[in-house]
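The values are calculated or read from the model by the stated rules, or taken from the named source; none is laboratory data. For clarity, every value in this text was computed on a predicted model and none was experimentally measured. Because the Cβ atoms are built from the backbone with ideal geometry, glycine has one as well, and the counts that use them run over all protein chains shown. Heavy atoms of the whole protein, side chains included, go into the accessibility calculation; ligands, DNA and RNA do not. Shrake-Rupley method; radii C 1.70, N 1.55, O 1.52, S 1.80 Å.
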Amino acid sequence: MTTLSDKTYLLMYLARHPGKFRRFRAILNNTKRYDRSYFVSDSLSPLLKHKCIFIHIPKCGGISVAQALFSSNGTSHLSVCDYRALLGKQRFDSYLKFTFVRDPWDRLASAYYFLKSGGRNKWDKAWAEDTLSRYSGFQDFVENWISPKNIYEWIHFRPQCSFLQLHAKTQLAVDFIGHVETMDDDFEIIASRLNTSKSLKKINQTNNRPNTYHELYTKSMLQAVHAAYSDDINLLGYNFDLN
């Protein structure tokens, strides 16, 4: 596969996200503008300590991780492609890149109930009112909205692997993958690698949903999720009976 140049990555990213590009470059240039929603840590800023990149996938405990490591409640969900474009190949390759992932069935339920309750901001609320209101409940939503195309319409439903691949259908471009199911232990591994003693606190949990997601799914719902999230299920090693 041909490796794209730094300039090509930058031009592609600038065309798609001009605002994010300017804010992120301000951080890297060590200006007074510092947006804590971008989880990059290096020696360019006195506010930052570690040469690492945290890929924050929605509804995977990322705010808890960001708060513990970056003292941040920011929620920008940049992918490895975004960071590769903004940082350049040399820096991107040399940094520790890590993320946390989640059982796709559990994550889907969490995203639905989170947005159904209003989400985190006015955009979440507006999208939920426009889209989720068309369906009578979680089963109706999964059976009639979840599809390989629709899940890209809102970031909370975007496949996890799409945040972790530099090119479609390629290997995951991160150095460490933690799991929500073993979050405390996996966070300790990351904390050790970053040489920090900070501890993890659970933040932004969805409370208006059943405790056990297994009871939510019918056979037709399982089929819909498997069709839409096959990469997440296969590449991240999940199955419905995991827990």
Of every hundred units of 1.4 Å-probe accessible area on region 51-205, the number belonging to carbon and sulfur atoms, as a percent, is 44
Largest-first ranking of ILE53, ILE189 by accessible area, probe 1.4 Å, whole protein assembly kept, is ILE189, ILE53
Any idea what the relative contact order of region 113-243 is, in percent, if you count C-alpha pairs under 8 Å spaced at least 6 apart?
33
At a Förster radius of 35 Å, what calculated FRET efficiency corresponds to the Cβ-Cβ distance of LYS149 and ARG193, to the nearest 0.05?
0.40
Say each of GLN139 and GLN223 gets a label point 7 Å from the Cα, pointing the same way as Cα to Cβ; how far apart are those two points in nm?
1.5
Given a Förster distance of 35 Å, the FRET efficiency implied by the Cβ-Cβ spacing of ASP175 and TRP127, rounded to the nearest 0.05, works out to 0.60
